[in-house]
Every structure is written in C-alpha cells, then in structure tokens.
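Trainee: Pasting a structure here, questions to come.
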Amino acid sequence: MTTLDRRTALSLLGASVASVSLAGCSDSSEEPEEQAVDEAAIAADGDLPSYAGTLPEVDDTEYLYGAIDFETMNALLDTDDATEAEEPTDPLLGNPVVVALHCLYGLELLSNSPSFGAYVEHNRTSDGQETFVFVDGVYALAGDYDAEELAEGLEEAGYEPEVTDDEYAVYTWPNAGEVVGVTDDAFVFSYDGAELETGDEFDAVDAVERTVATAADERDSAPAGDEAFEELLRTGEPAGITLGLYTTDDEFDEETIDDPAEAETLTLSFGGFTGANGVYQQLSVLEGGDATARTVVTYADEERVDEERLESTFGADADSFETVHDGTTVALEAEYSGDLVEE
C-alpha cells in the first residue's frame with residue numbers, strides 16, 4: 001500500500017480534480033447547459049451502500065460521513081499528476097475532494113500503524129471491493145475479514161484487549177492512544193484525543209466500539225433507525241467518492257452551512273444546501289479520466305426547496321448540468337471531461 005503524507009495527498013487530489021474543472025471550461029465560452037425537469041421521479045428504491053452497516057447512531061441531530069471505494073482510491077493513487085493546483089470552485093467536485101483527502105490521510109495512518117500487518121494478512125475482501133469510511137471521529141474499512149485471526153494478530157503485535165464480545169473486539173496500543181476494532185465486516189481504528197469537528201470531548205474506545213458493534217449487527221445503524229435517512233442513501237450510487245450530510249431537524253443548522261469542516265486548504269462548501277435536511281453527494285471517476293457527479297438534496301417540505309440557489313451554487317465547471325425536481329427532493333447531475341486520473 002502506498003504511503004502519502006498529507007501535503008502530497010492534497011497536491012495529488014487538487015491537481016487531479018482541478019484538471020477536470022479546467023477541461024470543463026476550456027472547450028466553450030458558453031455557460032453549462034441547464035435543464036429543469038419538475039415532474040421526473042427520483043427513485044429511493046436502490047440498494048443501501050455496502051458501508052451503511054458501519055454508520056453508527058449518534059446523539060447529535062446532525063450526521064456527516066464520507067466514503068470512497070478502494071477501486072477509486074487506487075485510481076487516485078496511481079495518477080502521476082501531483083503538482084500544486086488551486087482548489088476546485090465547484091462544490092460538486094470540491095466536496096468529494098475533501099472526502100478523498102480525509103480517507104487518504106486515514107490510509108496513511110493505517111499503513112504506518114503496528115496493526116497494518118494483521119489487517120493485510122487477515123483481509124479476505126476481493127480486490128478493490130473495500131470501502132474506506134470516516135464517521136464520528138473514526139475510520140472504518142467495510143469489507144470481509146477474519147475477525148478471530150485479526151484479534152490474534154493484534155495481540156501478537158502487542159495490542160491489549162479493551163472490549164471483547166462474541167462478534168467483535170476492541171484493542172488499544174499501549175501508551176500511544178491508538179484504538180482498533182475488528183469484526184467480520186469491518187476494520188475500525190481511531191486515536192484517543194482526536195479532535196471532532198464539533199470540538200466535543202472524544203473517547204476513541206467508545207467511538208470505535210460503537211462503530212464495530214454496529215458493523216457486527218449488535219447495534220442499529222443510523223439509517224436503519226431512520227426511514228428518511230435510509231431513503232436518502234437509497235437514492236444515490238454507492239460507488240466512487242461519497243459525502244453524506246443529514247439532520248433529524250427540519251433543516252441544517254446555520255453553523256453547519258456557514259462553517260463546515262476543513263482539511264488543509266480544502267474546505268467543504270455547504271452554502272447551497274441552506275434550508276435542506278439531507279444531502280447525498282457522489283462523484284464517479286470514469287474510464288479515460290472523465291467524471292460524473294450526482295447530488296440528491298432533500299427538504300422537510302416543498303416551501304423550503306430552493307432550486308434557484310442550488311443551480312447558482314453548483315455545476316459551474318461542468319460540461320453539462322441538469323436539475324431534477326420531484327416534490328421535496330432535488331437531484332443535481334453533472335458531467336465533467338478531462339484527466340481526473342492520468343491513464
């Protein structure tokens with residue numbers, strides 16, 4: 001597995017995605033094509049993403065997670081274009097870049113951890129089929145693992161058991177604050193004292209146990225206990241890079257919209273989601289370096305829907321951009337041409 005420092009990951013992702021933005025704008029001086037289809041249905045009957053079972057319930061009314069499948073991550077790691085570049089101005093591209101950066105940083109932490117050897121040896125997931133998730137202050141890899149042998153491998157590496165259960169286990173690395181959780185469907189890790197975006201006090205053991213117990217079906221996942229959240233996850237494509245933002249309130253808190261999390265110089269941009277209560281944002285890298293972005297935005301009622309705001313905020317760098325409005329849901333679909341990934 002390739003090890004990237006944070007600055008290299010930022011440069012890699014910034015350069016790759018900025019090249020798509022520039023390509024999308026260089027072929028024509030005209031504005032991206034926009035189409036509004038008010039009566040088209042937006043299906044919420046797709047499969048849940050494979051990682052949905054790793055999303056634990058939390059006490060907060062707002063929920064944020066990011067995910068990237070290993071096939072997409074490997075494509076990004078294989079690119080040779082790692083020069084400095086400006087941040088993408090289109091949030092349909094920029095937000096997934098921040099997600100990918102978080103996951104690449106987590107990948108770097110794992111590759112330098114004493115647990116890495118056990119993770120590799122007892123990983124039964126088919127090539128490229130794992131999904132890397134960050135949620136609630138932890139990193140979770142959703143796949144297929146041998147939990148019993150993983151636990152033995154961690155103990156051989158010097159990890160100490162913190163929580164043991166028939167379906168999962170949690171281990172700590174002495175004097176270093178690293179916490180690792182294992183089950184047959186997830187490998188989870190975090191660090192004591194890690195800063196949550198909310199600034200709340202963070203207990204890595206509790207967070208890892210909550211996540212690994214959810215993956216082991218010992219606790220309900222967040223979408224399993226919330227019909228609206230589950231329907232939101234079923235509207236999108238699970239592959240590629242995904243960002244999920246959801247609240248049980250009628251709309252997102254003003255602070256969430258105005259001051260979201262940052263990753264180095266890249267910043268999440270949620271301004272276009274004012275008045276909404278759910279976002280499923282997804283970016284797919286296509287063969288040849290092209291990309292497609294699809295974002296589903298939900299509202300508590302039709303009076304809050306602000307299609308004009310969405311159209312003015314997103315898709316500025318796209319070759320084509322379409323909005324599909326159906327009741328309290330709006331889908332944004334964009335296509336980008338360019339060398340997102342160097343072939």
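Trainee: Using 0.36 nm times the number of residues separating residue 129 and residue 227, minus their current alpha carbon distance, what extension gain do you get?
Mentor: That pair, residue 129 and residue 227, stretches by 32.6 nm at full extension.
Trainee: Heavy atoms only, 1.4 Å probe, whole protein assembly: order 134, 273 by accessible area, highest first.
Mentor: 134, 273
Trainee: Please give the Cα centre distance for the stretch 205-248 versus the stretch 305-322, rounded to the nearest Å.
Mentor: Using only Cα atoms to place each centre, the spacing works out to 27 Å.
Trainee: For a quick check: with amide H placed at 1.01 Å from N, whose amide H comes under 5 Å from residue 203's, ignoring anything fewer than 5 positions away on the same chain?
Mentor: none
Trainee: Per residue and in cubic angstrom, what volume does the convex hull of the Cα atoms of the stretch 46-336 have?
Mentor: 130
Trainee: Moving to a separate point now. What FRET efficiency, computed as 1/(1 + (r/R0)^6) with R0 = 45 Å and r the Cβ-Cβ distance, is obtained for residue 61 and residue 165, rounded to the nearest 0.05?
Mentor: Rounded to the nearest 0.05, the efficiency is 0.95.
Trainee: Stretch residue 248-residue 48 to full length: gain in nm at 0.36 nm per residue minus the Cα-Cα span?
Mentor: Taking 0.36 nm per residue and subtracting the Cα distance, the gain is 70.1 nm.
Trainee: Something else now. What is the extension gain from residue 120 to residue 258, computed as 0.36 nm multiplied by their sequence separation minus the C-alpha to C-alpha distance, in nm to one decimal?
Mentor: Residue separation times 0.36 nm, minus the Cα-Cα distance, leaves 45.7 nm.
The values are calculated or read from the model by the stated rules, or taken from the named source; none is laboratory data. Everything quoted here is computed from the prediction, not taken from an experiment. Methodologically, a virtual Cβ is constructed for each residue, glycine included, from the backbone with ideal geometry; neighbour enumeration extends over all protein chains shown. Note: areas computed on protein heavy atoms with side chains; ligands, DNA, RNA excluded. Shrake-Rupley method; radii C 1.70, N 1.55, O 1.52, S 1.80 Å.
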